[in-house]
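**Q** Just passing along the structure, written as structure tokens.
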């Protein structure tokens, strides 16, 4: 199917697709002559000028804080109680609250990620399988929950899941949940936070995946149909492999975001005292040591841990998933 | 809503700190901001850090004392320690007066050399009038703060329901346990106590003089599972949690509010301010329903009324005008008229008497609470000072309460509790020893 697209005209330019792509790719190499250097370096300068504001902000709010956290977690920051070295890290990672927080966040991820990916992909494929007015409406409906995010989202769910306040009280009672304590019990928390995150995130990703399906070459799908493939075959064998890299992208991004869970346990814990530990998630643990224990060094160690998780996810995205970095070659 | 998070602070989850926090939560949002006092030409400049609740009182003081140029800054209680720690390298920028709702005066003296010794700044007579409550400010013979309020405990009960059911108010914990079990069989659905967050150890364990943690040099000895004063509480509570007469809910849980408004709270051992904050304003009990009795005893004549000191006013040791700063905090903690109208029970003796009078005249209580309130205050005789990190309350709320709600027994969770306490004391630099 990859070969077939070669002769296909580009939707906008009308040029064969391959040629249209190669135009941009070949342009620099086709003008390597000495006299052409000036425009090329002008181009590079322009690129750097456009990048500069981003790089400045990246340095100020990402790179410098990361190194400062690293320095502080090694005992170099103000008010550190440990000698310079790995003593603070050892202290932070042997903390009684660290492993439970890792387990909590991991449980949440195990519930949240697969459901998000399967649900969003399935929804996008189903919608794309039957285009029309119905699909546009559903796409719009999918987008609506994404408008409520962050703290208000948690409040919304807090109301929905507290039987005394919820319009769904009979439904909750049906599951044997008569009070907030029944719903927000320790073993339910990862699932509840996953529901909150799914509600906020899934709709947006469905729209993104639908968009990626729209961008697929219709000729490929048409050819498959002529070869006798039914809707299921097309979805499973044609569309799914073609959008796999988008799904991987969503997975990696959601993983990094979900690992930093903080608003959900914080707000539920504040509304229902004694229900959620102050140090339920890793981010809460970092907050607790920075602001309740005045131990910036230990807090930095947790921050560094979260950075490593985030960076690992990004590296997997860039190098691990070949399909993502080698987009053009796979075409 | 960060004030609510602040409520869960590990340091000292004192009752009155909670009132402050609740009041803050009610006042919606009070972000850190700076307001200036009257810019009068004054002999001295004072920088005052308070929470949003105390801000009006300080501003009123500034208006009455134009010779002192007061700048008020609202600083969130949770940020105090980190801010002082950052500024300790630049003494000129440190505040002259700090209010803490978390009992940190001695910690600030120990960790940052911040708190000034007030023995020479405040008249001895005034210090004496604070009675035992001043012990929370005292370390090594030095007085590092003036306490604003104190939380003492008592047994709150619904007089109307007691009359209906024909019960008598228990005076010992054995009677309390017996009555609770009776309620579970005779009137299921009614509750006789709450054990779902830090209030539970605060009321039941500290009310039993349970030592919890005690310092032994660099060791912090944890005796939740060995000291008799602690184990008897666990043994009493587990059956009551099982028969649901003691609810696994915080007094401030929405489910508890539901029970309260349904008039299902038969009795509730708790703090002196529950009368107004919980029963009158949250459960909406009618006047003449609720009464207070002294906290039950363990029958060994030891009145284990656990008390906690709430707000503390501190003068900075580096202050350019310590006398003016001391005059301000003295006014804040001894002004009888202002304190008598406050939500929390004043620490200053004469003001607490005025406060009790206001409560007795309010017409809310089913019987005159004067004697109960006064005796609850005079019961406070011990040393109220708690070393930093020596907290059994937040570890309970974090490690025990969530699983208690799930149906686990208290005795099965003592290990988790001790584990969390160990972490808290080692964070404070002690070596945890579980006995």
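The values are calculated or read from the model by the stated rules, or taken from the named source; none is laboratory data. Keep in mind that what you see is a predicted model, and the values were worked out from it rather than measured. Because the Cβ atoms are built from the backbone with ideal geometry, glycine has one as well, and the counts that use them run over all protein chains shown.
**Q** Suppose we filter B:351, B:317 for residues that are farther than 30 Å from residue B:159 by Cα and modelled with pLDDT under 95; which single one remains?
**A** Going through B:351, B:317 in turn, just one is farther than 30 Å from residue B:159 by Cα and modelled with pLDDT under 95: B:317.
**Q** Residue by residue through the range B:227-251, note down the ones that are more than 20 Å from residue B:186 (Cβ to Cβ) and not in a helix (DSSP H, G or I).
**A** If the condition is that a residue be more than 20 Å from residue B:186 (Cβ to Cβ) and not in a helix (DSSP H, G or I), then B:227, B:248, B:249, B:250, B:251 are the ones that fit.
**Q** Return the residue satisfying two criteria in turn: it lies in the range A:67-85 and is in a loop (DSSP other than H, G, I, E, B) and surrounded by 15 or more Cβ atoms within 10 Å (Cβ to Cβ), and of such residues it is nearest to the other protein chains (Cβ to nearest Cβ).
**A** Step by step, filter the range A:67-85, then rank; the result is A:79.
**Q** Looking at B:306, B:299, can you tell me which residue is in a loop (DSSP other than H, G, I, E, B), modelled with pLDDT under 90 and under 19 Å from residue B:199 (Cβ atoms)?
**A** The conditions single out B:306.
**Q** Something else about it: From the set of residues in the range B:207-221 that are under 13 Å from residue B:173 (Cβ atoms) and not in a loop (DSSP other than H, G, I, E, B), which is nearest to the other protein chains (Cβ to nearest Cβ)?
**A** B:207
**Q** Of the conditions (1) more than 14 Å from every other protein chain (Cβ to nearest Cβ); (2) under 21 Å from the mean Cα position of the chain (by Cα); (3) modelled with pLDDT under 90, residue B:107 clears all except one; give me its number.
**A** (1)
**Q** Filtering the range B:227-251 down to residues that are within 14 Å of chain A (Cβ to nearest Cβ) and farther than 18 Å from residue B:156 by Cβ, which residue is surrounded by the fewest Cβ atoms within 10 Å (Cβ to Cβ)?
**A** This residue is B:244.
**Q** Another question about this same structure. Yes or no: the range A:141-150 includes at least one residue that is within 13 Å of another protein chain (Cβ to nearest Cβ), part of a helix (DSSP H, G or I), loosely packed, with under 12 Cβ neighbours inside 10 Å and touching a helix residue (DSSP H, G or I) at 6+ places or on another chain (Cβ under 9 Å).
**A** Yes, the range A:141-150 has at least one match.
**Q** Count, please, the residues in the range B:424-434 that happen to be touching a strand residue (DSSP E or B) at 6+ places or on another chain (Cβ under 8 Å) and at the interface with chain A (Cβ under 7 Å from one of its Cβ atoms).
**A** Selection size over the range B:424-434: 0.
**Q** Then there's this: Need a quick list: helices (runs of 4 or more DSSP H) entirely within the range A:175-251 having at least 2 residues that are within 14 Å of another protein chain (Cβ to nearest Cβ) and touching a residue at least 24 places away in the same chain (Cβ under 8 Å).
**A** Once the helices (runs of 4 or more DSSP H) in the range A:175-251 are filtered for at least 2 residues that are within 14 Å of another protein chain (Cβ to nearest Cβ) and touching a residue at least 24 places away in the same chain (Cβ under 8 Å), what remains is A:180-183, A:189-214.
**Q** Out of everything in the range A:290-328 that is within 13 Å of chain B (Cβ to nearest Cβ) and assigned to a loop (DSSP other than H, G, I, E, B), what residue ends up being modelled with the lowest pLDDT?
**A** Looking at the filtered set, the residue picked out is A:294.
**Q** Collect the residues in the range B:116-151 that are within 10 Å of residue B:384 (Cβ to Cβ) and either touching a helix residue (DSSP H, G or I) at 6+ places or on another chain (Cβ under 7 Å) or surrounded by fewer than 17 Cβ atoms within 10 Å (Cβ to Cβ) (or both), keeping them in residue-number order.
**A** B:134, B:137, B:147, B:150 - these are the residues of the range B:116-151 that are within 10 Å of residue B:384 (Cβ to Cβ) and either touching a helix residue (DSSP H, G or I) at 6+ places or on another chain (Cβ under 7 Å) or surrounded by fewer than 17 Cβ atoms within 10 Å (Cβ to Cβ) (or both).
**Q** Next up: Is it fair to say residue A:287 is within 14 Å of chain B (Cβ to nearest Cβ) and at pLDDT below 90?
**A** Considered against the rule, which asks whether it is within 14 Å of chain B (Cβ to nearest Cβ) and at pLDDT below 90, residue A:287 comes out as no.
**Q** Hey, another quick one. Got a sec? Which of B:136, B:177, B:132 is at pLDDT 90 or above and in a helix (DSSP H, G or I)?
**A** B:177
**Q** OK, next. Of everything in the range A:86-96 that's part of a helix (DSSP H, G or I) and out of contact with any helix residue (DSSP H, G or I) (no Cβ under 6 Å at 6 or more places or on another chain), which residue is surrounded by the most Cβ atoms within 10 Å (Cβ to Cβ)?
**A** Across the range A:86-96, the extreme among qualifying residues is A:91.
**Q** Separate question: Within the range B:286-295, track down each residue that is surrounded by 24 or more Cβ atoms within 10 Å (Cβ to Cβ) and either within 14 Å of another protein chain (Cβ to nearest Cβ) or assigned to a loop (DSSP other than H, G, I, E, B) (or both).
**A** Result: B:295, single match.
**Q** Still on this structure: Please give the number of the condition residue B:107 fails out of (1) surrounded by 23 or more Cβ atoms within 10 Å (Cβ to Cβ); (2) part of a strand (DSSP E or B).
**A** Evaluating residue B:107 over (1) surrounded by 23 or more Cβ atoms within 10 Å (Cβ to Cβ); (2) part of a strand (DSSP E or B) leaves (2) as the failure.
**Q** Which condition breaks for residue B:57 when tested against (1) modelled with pLDDT of 85 or more; (2) out of contact with any strand residue (DSSP E or B) (no Cβ under 6 Å at 6 or more places or on another chain); (3) crowded, with 23+ Cβ neighbours inside 10 Å?
**A** Status for residue B:57: all satisfied but (3).
**Q** Here's another thing I want to ask about it. Mind checking which residues of the range B:419-435 are in a helix (DSSP H, G or I) and closer than 30 Å to residue B:133 by Cβ?
**A** Residues satisfying the conditions are B:420, B:421, B:422, B:423, B:424, B:425, B:426, B:427.
**Q** Next up: Any idea which residue in the range B:252-271 is farthest from residue B:396 (Cα to Cα), counting only those that are in a loop (DSSP other than H, G, I, E, B) and within 14 Å of another protein chain (Cβ to nearest Cβ)?
**A** The selected residue is B:262.
**Q** For the range B:85-100, which positions are facing chain A (nearest Cβ under 9 Å) and either in contact (Cβ under 8 Å) with a residue 12 or more places away in the chain or crowded, with 24+ Cβ neighbours inside 10 Å (or both)?
**A** Answer for the range B:85-100, where residues must be facing chain A (nearest Cβ under 9 Å) and either in contact (Cβ under 8 Å) with a residue 12 or more places away in the chain or crowded, with 24+ Cβ neighbours inside 10 Å (or both): B:85, B:88.
**Q** Among (1) assigned to a loop (DSSP other than H, G, I, E, B); (2) buried (at least 20 other Cβ atoms within 10 Å of the Cβ); (3) within 14 Å of chain A (Cβ to nearest Cβ), which single condition is residue B:224 missing?
**A** It fails just one condition, (3).
**Q** Continuing with the same structure: Would you pick out the residues in the range B:370-418 that are more than 14 Å from chain A (Cβ to nearest Cβ), part of a loop (DSSP other than H, G, I, E, B) and touching a strand residue (DSSP E or B) at 6+ places or on another chain (Cβ under 6 Å)?
**A** Selection gives B:384, B:387.
**Q** Considering only the range A:151-163, how many residues are at pLDDT below 90 and exposed (fewer than 15 other Cβ atoms within 10 Å of the Cβ)?
**A** 2
**Q** Now a separate question. Among the candidates A:271, A:248, A:229, which residue alone is over 25 Å from the mean Cα position of the chain (by Cα) and surrounded by fewer than 20 Cβ atoms within 10 Å (Cβ to Cβ)?
**A** Just a single option satisfies the conditions, and that option is A:229.
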